[in-house]
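These notes are about the structure you will find just below.
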Amino acid sequence: FATLSANIRQRRKDKVNIQIPLYRDVHTPEFKNYPPMNGVNDCCGVDGQRVWRYGKGDASRIMNGNDYVTVGCSKSSQDEVAVPITHKKWLVAVKSPGCRGIFYRSAPNVIVADADWPRNGDIVIGSEIPNIPGWVRLQNGYYLPIASEDGKIPFLHEVSLKSHASNTEKRNLGSATPLFYGNSMASPEVDRALLADLLDDKLSLNDDDDDDEPVVVADSATTDNDNKQGADNVRPAVHMDAMAFGMGCCCLQITFQAKDMDESRFMFDQLAVMAPIMMALTASTPVLRGKLLDTDCRWGIISESVDCRTPAERGMTTHDDDDDPNNETSQPQLAAKGQRRIYKSRYDSISTFIYQGAYIGNNSAGMENRILNTYNDIPVEIDEDSYRLLREAGVDPALSQHIAHLFIRDPLVIFDGAVEEVDDQTQTEHFESIQSTNWQTVRWKPPPPRLSPNCPHIGWRTEFRSMEIQLTDFENSAFTVFIVLLTRVIISFDLNLYIPLSRVDQNMQRAHSRDAAKRSKFFFRRHLAPLEEGDDGYGVKYNSMFARISNGHDTTSSSMVMSSHAADSDNVDENGVSHQRKKAPVAPGSNEENSYEEMTIAEIMNGKGDYFPGLIPLVLAYLEYTNCDDLTMEQMMKYMDFIQKRTTGELMTPASWIRKFIRKHPAYKFDSVVSDEIAYDLMIACKDIGEGKRHEPELLGDFRIRPIEKDGAYDVKLDSRRVNNNHILHLLRRYSRRKSFSEPNLFPAA
């Protein structure tokens, strides 16, 4: 901890800045000059919930000091993830007759012909490359030129950040080439009315076809209502300045062994969407530094506690001349001299999905390298040298981007004897020094090298990291089992949880809110099964497999029949991977703009309408599919029943129970202060609950924990003393009389 703290402070040239909204109670002195509480949620109203935008406290600190922090509301634009100015959207509109789009580039001027490519009318997301004018690096790891080499033919047109693609080729991805001929005539494929619609009425088109350029009206940064709300949303904060405040927190993490690399990457993406949902459901951190917080989770606290970004990386300074030796902000020994803009702490949610989707269908030519650009819609900074090295070695763009994103960081700790002494040809310690200090909600873990043939083989793994520790083994087991089963459900039933990463980040912020498990809404995919012809993605019109089951229709014609029989060989590849899963991320016929909606955790877990079945029913269906034995099923039902009751609010999260315990304590003065006496009594209560000595119905309901006693726990030791021959023979005679040992041919001769 001491080494980490010193290195973090040295790198960021300051102590860390942790500012968490303070809980407002009746007599909290910090709220003395605030208007009276209105019984809803202050300025956020009945339908909104206050949101702590962790990791964005520098601007708030400059404006308000250490003791106040700016918060947002879940029902206003302040909840929207701020899009950095370097992150832009472009409309693909290649002005050449017959040209339908433009090929991706793996690097500037290096065409990739075997990958899906953006069509005219598509919206692409990325940022301009500062040292290579005229090129855009997309969020899927590819590059695109803004115009032709001579500059006469525009390819990309910058548009409003609120624009969404709705081109007519979305339903037919079969064309083999963009057909760019290299002249300045307008493409008949680009409809003028469509362009105006795409640009959200922020486009004017001239009548002269020779000068048919989109003109974009810039978005206003904030509305008057937002400005007014911003003044209201400054709240007293609990301030801390040391790494141990975050890294001292506990959590519940699970690592899954995958069948192969492809499956581990797919699960990485799916579990990243689940991370904020499960964090809110397991919330256990309502107190820090002797104060009640207005948040319930630890994640943002840790994120800010290990935020080692330099002032330039946090966007606090300018760096017009990085090569100037007199530039005080430049640190040549750091990655990118400490000058690269980085938008997240090294402990945060993921910044890119890594599964390389594939297109399976009648027109699969040129689709073998399909990219999920639809969902990678937030900035993902990379180390360009690492990215180029990986691509030259044949690593696909999605995975290259993920690894290159890890290497924008410096190692926080280096051990004596593990620098030059490490052989990178046979060991991965140098990689792990970077990988293990990029603490994301999900971690993709390649196999470690086997030092000898007798060493155990460890395969491709995915680690789920967002859940909070619970007070009892029962609770921890319930959530562990649920996540394990959910991964099997996703793979076995070919489900798809993808939503844009910007929405995942919003979910992470909302998950921190007080009582988020019961009160907040989260963005979640409304159609989990691959869409089929006729499906349009809208909830009330969606005609998926689940909707047909709910309405009592026959599902035997579906390509995803849930039976105990293996899938037909025609529906899987040579490795047994389902074609449905390969095309699920961007299913033909789907409208991805309408693929997700806001749901409560109760709806996510238990189902909504006739189109969304709920995750718990899917898990139970999977258990039946596997012919789960009665004894195991009985225990699984206890776990699922417990989780279901927590999602509906019938049972409290540990955070809600702890806050209630404190507020009911005789020594509490309703001033948001947790005294030593209260803290001691709370720790004793938590210990007694964990050991089964105290039952709390509001926390566990009817689920009783069997008391854990240390007396007699170590009475029977594993004995290593030599056993005499007569004793061995006596034991063997006893077991040889069993029927199973007397069956013929039990031990056939060699």
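The values are calculated or read from the model by the stated rules, or taken from the named source; none is laboratory data. Keep in mind that what you see is a predicted model, and the values were worked out from it rather than measured. Cβ sites come from the backbone with ideal geometry, for glycine too, and all protein chains shown count toward neighbours. Each accessible area value is taken on the protein alone, full model and side chains, heavy atoms only, with ligands, DNA and RNA left out. Shrake-Rupley method; radii C 1.70, N 1.55, O 1.52, S 1.80 Å.
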Amide H proximity to Cys73 below 5 Å, modelled H, separation 5+ or other chain, gives Val51, Gln78, Asp79
So the pair-distance distribution of the stretch 625-724, from every Cα-Cα distance in 10 Å bins, comes to percents of 12, 28, 27, 18, 10, 4, 1, 0
By the mean-Cβ-within-10 Å protection proxy, highest first, 464-474, 697-707 rank as 464-474, 697-707
Rounded to one decimal in nm, the spacing of the 7 Å Cα→Cβ label points at Asp473 and Gln333 is 4.8
Subtracting the Cα-Cα distance of Asp711 and Arg289 from 0.36 nm times their residue separation yields 148.4 nm
Which of Lys15/Lys56; Lys518/Lys608; Lys664/Lys710; Lys521/Lys669; Lys445/Lys645; Lys32/Lys291 exceed 22 Å between C-alpha atoms? The answer is Lys664/Lys710; Lys521/Lys669; Lys445/Lys645
Pseudo-spin-label distance Lys645 to Gln427, built 7 Å along Cα→Cβ, given in nm, is 5.2
Note: Asp630 to Ile132 extended length (0.36 nm per residue) minus current alpha-carbon separation gives 172.9 nm
On the accessible surface of the stretch 623-727, probed at 1.4 Å with all protein chains in place, carbon and sulfur together account for a percent value of 50
Carbon plus sulfur, as percent of the 1.4 Å-probe accessible area of the stretch 386-509, comes to 56
Under the rule rounded for a/c under 1.5, else prolate if a/b exceeds b/c, else oblate, using alpha carbon gyration tensor axes a ≥ b ≥ c, the stretch 609-660 is classed as oblate
So the FRET efficiency between His27 and Arg722, C-beta based with R0 = 60 Å and rounded to 0.05, is 0.25
Residue span Met63 to Lys660: 0.36 nm per residue of separation minus Cα-Cα distance leaves a gain in nm of 211.6 nm
Label model pair Thr3, Ala244: point-to-point distance (7 angstrom along the Cα→beta-carbon line) in nm is 1.7
Counting only residues 5 or more apart in sequence or on a different chain, those whose built amide H sits under 5 Å from that of Leu288 are Leu293
